[in-house]
Amino acid sequence: MTPDIEILIVGNEILSGRTIDKNSIYLVNSLAGKGFPVRFISVAGDVMIDLVGALHIAHGRADVVLVTGGLGPTSDDITVEAAAEAFGRKLVFDEGVFRKIEELFRRRRRFMSDSNRKQAYIPEGAAPIRNPVGTAPGIRLESGGKRVYLMPGVPSEMRTMFETAILPEITASFESAHIETAVVQVTGISESELFDKVKHLPGAKDYLAFYPGPEGITVSIRTPGGAPLVALALQAGITEILGDVVFSTAGEPLEQVVGKLLVERKLTLGIAESCTGGLIAHRITNIPGSSDYFLCGVVTYSNESKQGVLGIDEHLIRTYGAVSAETAGAMADGIRRLSGADIGISTTGIAGPGGGSGEKPVGLMFAGYSTALRTETQKLQFVEDRVINKSRMSQAVLDILRLHLKRDY
């Protein structure tokens, strides 16, 4: 039987918006990859009555409840106490857990506070789960034939515990839904336009899900077990219809796709950024091995740095403005010459929220692309907030580079 699974995220920091919940995204994807869809995701704050109630609800409708957060040593970490109350258990001191916490502090040569002793208490009848990364042990608790797993909220600790202990136990104990999954990643097209282009494909209505974001759209294809050919047929059909707006069918970020193309073509890259503030260089260098093709990146934010670092003529900027096709082209050419790279790319624009005008509104940006043979520019217009405009611009420029690498080399 495929279990009903619920994820319960605990923490006032999540409810207040101070912290973005990344744990549920990771858990959903990890479970889906093994054929275990998640039915519910809920969030509760660090309030005893709320957390006890959330545990009761989750336990009532799910076979497996995965709880993250609230296992620390401070007074607002109440998940273990709430679980004990929710399931009518006493809290008992586990000497073995305490010794492991002590040993961890000794290995790290750090002082162990008395408050860490709290982390050695677990509900009666429950079993501790080893935490190889941090001090808080996980807890496995069974009640009414159902399982509740308590995990730390720190993503690195939670992921290690889930991968090494909890996911293997779930896969060994339950029958999966045997979902075959494929993806198509696209950029430079709206969600509505994308849907209109592919909605006629057989199975599109039942098996496609669309996940848009600043860095493109992921089309997820999930078909019942025993029908892998359906997923592959849909993937092939979408790819054929959309053509060049598809940048990956392997779940890779665009910067990785670009990196592979640069390696294959034995080309090097230099980047000059203004409005994106180094975001493109950051994305490029997130990929292992990027030193093979990425030579240099500069953030020439002021007009003076554009002139002094990249050698752009002051008259050009005065005549056309820093936000212009002419400046973008000069920046791309300048970084190519400065770095000695085969290709130079650049960004300049008005990220917002201020700085715009009737002639040059907020969100107006220009991309530059330069090789020894030619320099080209492209005008783009975004309408979101500052952070999203920067993200969209970084994606657009990387895609311009991808398309040139595919078509020109």
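Among the residues making up the range 385-399, those that are farther than 10 Å from A351 by Cβ and in contact with a Gly (Cβ under 8 Å, 6 or more places away or on another chain) are Q395, A396, D399.
Among the residues of the range 85-93, some residue qualifies, meaning at least one is surrounded by 15 or more Cβ atoms within 10 Å (Cβ to Cβ), touching a residue at least 60 places away in the same chain (Cβ under 8 Å) and outside any helix (DSSP H, G or I). Residue-level check: of (1) crowded, with 17+ Cβ neighbours inside 10 Å; (2) closer than 20 Å to K34 by Cβ; (3) not assigned by TED's automatic domain parsing to the domain that holds A82, A209 misses just (1). Apart from one condition, V323 fits all of (1) surrounded by fewer than 23 Cβ atoms within 10 Å (Cβ to Cβ); (2) among the hydrophobic types (A, V, I, L, M, F, W, C); (3) more than 22 Å from K390 (Cα to Cα); the exception is (3). Is it the case that T79 is closer than 30 Å to T223 by Cβ, at pLDDT 95 or above and buried (at least 22 other Cβ atoms within 10 Å of the Cβ)? Taking the combined requirement at face value, the residue does not satisfy it.
Yes/no per residue for (1) over 19 Å from I280 (Cβ atoms); (2) under 28 Å from the mean Cα position of the chain (by Cα); (3) free of Cβ contacts under 8 Å to residues at least 12 places away in the same chain; (4) buried (at least 24 other Cβ atoms within 10 Å of the Cβ):
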position: G311; (1), (2), (3), (4): yes, no, no, no
position: I317; (1), (2), (3), (4): yes, no, no, no
position: G358; (1), (2), (3), (4): yes, no, yes, no
position: T375; (1), (2), (3), (4): no, no, no, no
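Of all the residues in the range 56-66, those that are of a type outside the set (V, I, T) and either under 20 Å from V97 (Cβ atoms) or buried (at least 17 other Cβ atoms within 10 Å of the Cβ) (or both) number 5.
Somewhere in the range 109-116, is a residue surrounded by 12 or more Cβ atoms within 10 Å (Cβ to Cβ), in the same structural domain as V64 (by TED's automatic domain parsing) and free of Cβ contacts under 8 Å to residues at least 12 places away in the same chain? There is at least one residue in the range 109-116 that is surrounded by 12 or more Cβ atoms within 10 Å (Cβ to Cβ), in the same structural domain as V64 (by TED's automatic domain parsing) and free of Cβ contacts under 8 Å to residues at least 12 places away in the same chain. A165 meets each of the listed conditions (1) outside the structural domain of E13 (by TED's automatic domain parsing); (2) touching a strand residue (DSSP E or B) at 6+ places or on another chain (Cβ under 6 Å) apart from (1). For the range 124-142, filtering for residues that are farther than 18 Å from G88 by Cα and aliphatic (A, V, I, L, M) leaves 3.
Does A127 satisfy being aliphatic (A, V, I, L, M) and out of contact with any helix residue (DSSP H, G or I) (no Cβ under 9 Å at 6 or more places or on another chain)? Answer is yes for this residue. Residues that are part of a helix (DSSP H, G or I), more than 25 Å from the chain's Cα centre (by Cα) and charged (D, E, K, R) within the range 153-179 comprise just one, E169. Considering G53, G69, the condition of being surrounded by fewer than 22 Cβ atoms within 10 Å (Cβ to Cβ) and either in contact with a Cys (Cβ under 8 Å, 6 or more places away or on another chain) or among the small types (G, A, S) (or both) is satisfied by G53 alone.
Mind listing whichever residues of the range 94-152 are in a strand (DSSP E or B), more than 16 Å from G72 (Cβ to Cβ) and not charged (D, E, K, R)?
Step one: filter the range 94-152 for residues in a strand (DSSP E or B), giving 121-123, 127-129, 138-143, 146-151.
Keeping just the survivors that are more than 16 Å from G72 (Cβ to Cβ) gives 123, 127, 140-143, 146-149.
Within the range 94-152, P123, A127, L141, S143, V148, Y149 meet the criteria.
Each residue in the range 1-25 was checked for being surrounded by 17 or more Cβ atoms within 10 Å (Cβ to Cβ) and closer than 18 Å to E180 by Cα, and 1 pass. Residues in the range 271-293 that are in a strand (DSSP E or B) and either touching a Phe, Trp or Tyr at 6+ places or on another chain (Cβ under 8 Å) or without any contact (Cβ under 8 Å) to a residue 40 or more places away in the chain (or both): I271 alone.
Quick check on the range 294-342: of everything there that is of a type in the set (A, V, I, L, M) and part of a loop (DSSP other than H, G, I, E, B), which residue is farthest from M365 (Cα to Cα)?
Going through the range 294-342, the residues of a type in the set (A, V, I, L, M) turn out to be 295, 298-299, 309-310, 312, 316-317, 322-323, 325, 328, 330-332, 335, 338, 341.
Narrowing the set further to residues that are part of a loop (DSSP other than H, G, I, E, B) leaves 312, 322-323, 341.
Values: I312: 18, A322: 10, V323: 7, A341: 23 Å.
Only one residue fits best here, namely A341.
Looking at the range 180-258, what helices (runs of 4 or more DSSP H) fall wholly within it and have at least 2 residues that are more than 24 Å from R402 (Cβ to Cβ) and of a type outside the set (V, I, T)? Result: 204-207, 228-242. Do the conditions hold for E175, that is, is it loosely packed, with under 14 Cβ neighbours inside 10 Å, free of Cβ contacts under 8 Å to residues at least 40 places away in the same chain, out of contact with any helix residue (DSSP H, G or I) (no Cβ under 8 Å at 6 or more places or on another chain) and among the acidic types (D, E)? Considered against the rule, which asks whether it is loosely packed, with under 14 Cβ neighbours inside 10 Å, free of Cβ contacts under 8 Å to residues at least 40 places away in the same chain, out of contact with any helix residue (DSSP H, G or I) (no Cβ under 8 Å at 6 or more places or on another chain) and among the acidic types (D, E), E175 comes out as no. Can you tell me which residue within the range 160-181, out of those that are at pLDDT 90 or above and of a type in the set (A, V, I, L, M, F, W, C), is farthest from L229 (Cα to Cα)? Among those that are at pLDDT 90 or above and of a type in the set (A, V, I, L, M, F, W, C), it is M161.
The values are calculated or read from the model by the stated rules, or taken from the named source; none is laboratory data. Note that the structure is predicted; figures quoted are calculated from it, not measured. When we count neighbours, we look across all protein chains shown, and the Cβ atoms used for this are built from the backbone with ideal geometry, even at glycine.
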